[in-house]
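Peer 1: Before we start, here is the structure in question, set down as structure tokens.
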Amino acid sequence: MTAARVFVTRRLPDAWRAPLAEAGLAVDAAGADDPLTPAELRTRAAGAAALWVQLNDAVDAALLDAAGPGLRVVATYSVGTNHIDLAACRERGVVVVHTPDVLTDATADLAMALLLAAARRLPEGQRLVESGGWTGWAPTQLLGVELRGRTLGVVGLGRIGAAVARRARAFGMRIAYHQRRARPDVAAPLEADYEADLEALLARSDVLTLHAPLTPDTRHLLDARRLRLLPRGALLVNTARGPLVDEAALVDALRDGHLAGAGLDVYEEEPRVHPGLLALPHVVLAPHLGSATVDTRRAMARLCTDAIVAVLRGERPANALA
């Protein structure tokens with residue numbers, strides 16, 4: 001009897017194959033770091049019982065149909081699922097699993113790293129030193145923003161948003177947050193104020209950090225008008241999803257000095273970065289590193305392998321979405 005096939009769309013960190021092999025599954029893995037084209041995905045997915053995809057693989061009806069009626073599970077190596085047509089999966093009886101919880105601390109650490117780098121103008125300082133243009137200490141050189149006493153606005157006080165808020169509290173920051181419903185259980189230890197109105201949160205945020213999912217309603221959540229509601233000199237940090245922010249409007253707000261800086265790990269049209277962002281000295285740009293630690297990526301892989309094995313055994317794993 002032919003073993004059920006698991007198609008893995010990208011080269012992954014080591015030590016993920018063993019659980020699949022031990023379960024008697026046949027692994028078909030793409031060996032490259034670069035994403036496959038939609039046509040390549042459809043060809044390679046044909047006949048698979050499981051698809052292990054990445055956040056920039058579009059799992060749509062065409063891919064599901066190309067995989068065929070034997071497809072039982074799609075595992076995404078991410079928390080977010082905006083790249084997956086969940087309704088199409090449900091219609092076909094395909095279970096979707098993701099990787100919650102395990103990347104919270106890694107992503108929160110990166111958000112704080114971006115915040116600190118933007119606040120203290122570290123990229124500008126590094127370029128100054130590397131260029132040979134640094135002539136020594138000067139009283140007015142690269143003056144940054146001190147975090148103590150400033151207000152951190154958190155859009156989405158979920159696991160990652162709360163972890164960033166805890167870190168910010170250690171730096172003496174005040175916390176305010178916005179989401180659909182208040183989270184007093186999470187907010188109370190942080191002494192965080194709930195703002196039911198997003199625009200009220202923007203108006204009081206010296207630093208804004210984004211931790212909302214990408215949905216049709218949150219696309220360009222920060223448009224040109226809302227970016228201008230932030231206080232002059234505010235900082236923006238985004239480790240969630242790039243399309244939450246209108247990048248062209250962000251460039252304008254940075255160019256004219258309304259915003260003092262930004263720390264970005266995600267972009268509106270990844271891997272393309274708006275050329276205006278690349279030209280600005282007071283922007284910290286990271287290549288989507290939120291979960292990029294050895295421990296976190298291993299934990300994400302284990303969640304995917306365990307869930308694939310469980311579904312193919314007829315079980316429903318705890319990290320199933322659809």
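Just so you know, all these numbers are worked out from the coordinates, no wet-lab data involved. Note that the coordinates shown come from a computational prediction; the quantities given were computed from them, not determined experimentally. FYI the Cβ positions are ideal-geometry reconstructions off the backbone, even for glycines, and counts take in every protein chain you see.
Peer 1: Relative to the first principal axis of the alpha-carbon coordinates of the chain, what is the inclination of helix 159-170, with its axis defined by its Cα atoms, in degrees from 0 to 90 and to the nearest 10?
Peer 2: Orientation of helix 159-170: about 30 degrees from the principal axis.
Peer 1: Modelling each spin label as a point 7 Å along the Cα-to-Cβ direction, I'd like the Ala15/Ala279 distance in nm, to one decimal.
Peer 2: Roughly 4.6 nm, to one decimal.
Peer 1: Which whole-Hz ³J(HN,Hα) couplings does region 47-56 yield from phi under the Karplus relation 6.51 cos²θ - 1.76 cosθ + 1.60, θ = phi - 60°, glycine and proline marked x?
Peer 2: x, 6, 8, 9, 10, 10, 10, 10, 5, 10
Peer 1: Got the relative contact order for the chain handy, in percent, Cα pairs under 8 Å and 6 or more residues apart?
Peer 2: In percent, rounded to a whole number, it is 18.
Peer 1: Using r as the Cβ-Cβ distance of Asn82 and Gln141, and R0 as 30 Å, what FRET efficiency do you calculate, to the nearest 0.05?
Peer 2: Details: r = 42 Å, r/R0 = 1.40.
Once the sixth-power term is evaluated, E becomes 0.10.
Peer 1: Name the long-range amide H neighbours of Arg150: under 5 Å, sequence gap of 5 or more, or other chain; modelled H, no Pro or chain starts.
Peer 2: Placed amide hydrogens put Arg174 under 5 Å from Arg150.
Peer 1: Rounded, prolate or oblate: which fits region 181-295 when a ≥ b ≥ c are the square roots of the eigenvalues of the alpha-carbon gyration tensor, with rounded for a/c under 1.5 and prolate only if a/b beats b/c?
Peer 2: The shape class here is oblate.
Peer 1: Now a separate question. Using only Cα atoms, find the angle between the long axis of helix 294-312 and the longest principal axis of the chain, and express it within 0 to 90 degrees, rounded to the nearest 10.
Peer 2: It works out to around 30 degrees.
Peer 1: Then there's this: Mind telling me which of Ala262, Ala32, Ala240 comes out most flexible in a GNM of the chain, alpha-carbon contacts under 10 Å?
Peer 2: Per the Cα network of the chain with a 10 Å cutoff, Ala32 tops the list.
Peer 1: Highest GNM mean-square fluctuation, the chain, Cα pairs closer than 10 Å: which of Arg180, Arg166, Arg298?
Peer 2: Arg180
Peer 1: Now for a separate question. Do you know the relative contact order of region 1-103, to the nearest whole percent, from alpha carbon pairs under 8 angstrom that are 6+ apart?
Peer 2: 24 percent
Peer 1: Find how much the distance from Asp252 to Ala46 grows on full extension, using 0.36 nm per residue of separation minus their present alpha carbon separation; answer in nm with one decimal.
Peer 2: 69.6 nm
Peer 1: Let me ask something else. Which of Thr135, Thr107, Thr81 ends up with the largest GNM mean-square fluctuation for the chain, with Cα atoms connected below 10 Å?
Peer 2: It is Thr135.
Peer 1: Let me check I've understood the local charge: for Ala192, count other residues with C-beta under 12 angstrom from its C-beta, Lys and Arg +1, Asp and Glu -1. What total comes out? Could you put the intermediate results ahead of the total?
Peer 2: Working: positive: Arg166, Arg169, Arg174, Arg183; negative: Asp185, Glu191, Asp193, Glu195.
Here the charged neighbours net out to 0.
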